[in-house]
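S.K.: If you scroll down you'll find the structure; I have some questions about it.
The values are calculated or read from the model by the stated rules, or taken from the named source; none is laboratory data. All of these numbers come straight from a predicted model, not from anything done at the bench. Reconstructed Cβ throughout: ideal geometry from the backbone, glycine too, with neighbour counts over all protein chains shown.
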Amino acid sequence: MPLPVPWFLEAPKRRRYLAGISGGADSVALLHLLHRHGFREIVVCHLDHGLRGRASTGDARFVQKLAGDLGYPCESGKTAVKSLAKDTGHSIETSAREARHAFFAICSRKHRCPRLLLAHHSDDQAETILWNLLRGSRGVSGMQEVQTLPMGGRPMECIRPLLARRRPELRAWLEAKGLPWREDASNAEPFAVRNRLRHEVLPLLAEIAKRDPAESLIRAADASSERRAIEAWAVKQAAAVDPQGRLHLPTLKTLPPAMQSACIYDFLRSSGVPGLSRDALQRCLTLLDPAAAPAVNLPADHILRRRAGRLVLTK
């Protein structure tokens, strides 16, 4: 069966890209599509998280062989994610993501390539949107097809060519072509948030609503994205950031509450503060009151302080 060609596969082929390949169906489909559409400057990047013993080792060998068969160089790494999680106090999921980002940063430096291809698809997007909603994130937000993210302290252009494709669609294409992939048995275990959303929450929502909740979540995120574009224009017009890159309190106080929140959110997000929730923004808004506490603690050890008529971000 033909797979509709993702927009990215029509891009120029001569640029070098890193490709995060786990060995699972989604990333294997991405790699084969890249190869079939003439992308030759691909560096395959695979990190063994050390979570599944011999199965993890098997994944690494599979990816190395696949890369070799397609004529791509392969960068492999290994991190003891369980130990990392224990040392940092973070969850396994968070620690695995941090380890991947650090690994991709190393690969980026080695190959002088700030562009990373990832195999996230529509079903991943729906899970991300739902989890962001449950965490109290501001707006209905998901992943972007192209966005710049800090990885290991380095800005990386992350490109998701398959974000409009569905998981079953990718697997059906691989099966039709007789292309193998590695199945990660831990994806079915209920210990991780994403696994529970995928195997418990979304199926229950489908049963209740009698429709595919993924499509509804993605439509809601698209509508929210349009509203954010309008908000971004309004924030620019408000001009609440002074020439020194600080939020100007007198200007903020002239704005409606919704615009105050929008300006603070844009300032914090642009400054690299992760995991911004509505609750965090509400606490930041209290800084506009001179009688309130002069500082608010934010994720990743950031602190927003009121100082001399300005809001200043420190760590």
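S.K.: What do you reckon, is residue 238 at pLDDT 90 or above and in contact with a helix residue (DSSP H, G or I) (Cβ under 7 Å, 6 or more places away or on another chain)?
M.R.: yes
S.K.: Same structure again: Among the residues of the stretch 93-128, write down those that are under 11 Å from the mean Cα position of the chain (by Cα) and under 13 Å from residue 218 (Cβ atoms).
M.R.: Of everything in the stretch 93-128, those that are under 11 Å from the mean Cα position of the chain (by Cα) and under 13 Å from residue 218 (Cβ atoms) turn out to be 120, 124, 125, 128.
S.K.: Identify the single condition in (1) touching a Leu at 6+ places or on another chain (Cβ under 8 Å); (2) surrounded by 18 or more Cβ atoms within 10 Å (Cβ to Cβ) that residue 77 does not satisfy, given that it satisfies every other one.
M.R.: (2)
S.K.: Next up: Identify the single condition in (1) surrounded by fewer than 17 Cβ atoms within 10 Å (Cβ to Cβ); (2) among the aliphatic types (A, V, I, L, M); (3) part of a helix (DSSP H, G or I) that residue 179 does not satisfy, given that it satisfies every other one.
M.R.: Among (1) surrounded by fewer than 17 Cβ atoms within 10 Å (Cβ to Cβ); (2) among the aliphatic types (A, V, I, L, M); (3) part of a helix (DSSP H, G or I), the lone unmet condition for residue 179 is (3).
S.K.: Sticking with this one: If you check 38, 68, which single one turns out to be free of Cβ contacts under 8 Å to residues at least 24 places away in the same chain, exposed (fewer than 15 other Cβ atoms within 10 Å of the Cβ) and closer than 30 Å to residue 14 by Cβ?
M.R.: 68
S.K.: Here's something else I'd like to know. Restricting attention to the stretch 194-211, which residues are without any contact (Cβ under 8 Å) to a residue 24 or more places away in the chain and surrounded by 16 or more Cβ atoms within 10 Å (Cβ to Cβ)?
M.R.: Scanning the stretch 194-211 gives 195, 205.
S.K.: May I pose another question? With the requirement that a residue be on the phi < 0 side of the Ramachandran plot, surrounded by fewer than 12 Cβ atoms within 10 Å (Cβ to Cβ) and of a type in the set (A, V, I, L, M), what does the stretch 279-304 give you?
M.R.: Passing the criteria: 291, 293.
S.K.: Out of 9, 18, I need the residue that is part of a helix (DSSP H, G or I), in contact with a Leu (Cβ under 8 Å, 6 or more places away or on another chain) and of a type outside the set (Gly, Ala, Ser). Which one?
M.R.: 9
S.K.: Among 163, 170, which is under 29 Å from residue 69 (Cβ atoms), in a loop (DSSP other than H, G, I, E, B), in the same structural domain as residue 69 (by TED's automatic domain parsing) and out of contact with any Leu (no Cβ under 6 Å at 6 or more places or on another chain)? Explain how you work it out, then say what you get.
M.R.: Numbers: 170 fails: in a loop (DSSP other than H, G, I, E, B).
Testing whether each residue is under 29 Å from residue 69 (Cβ atoms), in a loop (DSSP other than H, G, I, E, B), in the same structural domain as residue 69 (by TED's automatic domain parsing) and out of contact with any Leu (no Cβ under 6 Å at 6 or more places or on another chain) leaves just 163.
S.K.: Among the residues of the stretch 218-254, what is the count of those that are more than 29 Å from the chain's Cα centre (by Cα) and within 20 Å of residue 305 (Cβ to Cβ)?
M.R.: Total satisfying the criteria: 9.
S.K.: Would you mention how many residues in the stretch 9-27 are surrounded by 20 or more Cβ atoms within 10 Å (Cβ to Cβ) and either charged (D, E, K, R) or not assigned by TED's automatic domain parsing to the domain that holds residue 114 (or both)?
M.R.: 1
S.K.: Could I ask something else about it? For the structure I just gave you, tell me whether residue 258 is in a helix (DSSP H, G or I) and either on the phi > 0 side of the Ramachandran plot or of a type in the set (D, E, K, R) (or both).
M.R.: No: the conditions fail for residue 258.
S.K.: As an exercise: evaluate residue 215 against (1) of a type outside the set (A, V, I, L, M); (2) in a helix (DSSP H, G or I); (3) modelled with pLDDT of 90 or more; (4) surrounded by 15 or more Cβ atoms within 10 Å (Cβ to Cβ) and give the number of the one condition it does not meet.
M.R.: That leaves (4) as the condition not met.
S.K.: From (1) out of contact with any Lys or Arg (no Cβ under 9 Å at 6 or more places or on another chain); (2) under 21 Å from residue 277 (Cα atoms); (3) crowded, with 20+ Cβ neighbours inside 10 Å, pick out the condition that doesn't hold for residue 107.
M.R.: Every condition holds for residue 107 apart from (2).
S.K.: Would you say residue 84 is over 17 Å from the mean Cα position of the chain (by Cα) and closer than 29 Å to residue 213 by Cβ?
M.R.: Here the answer is no, as residue 84 does not meet what is asked.
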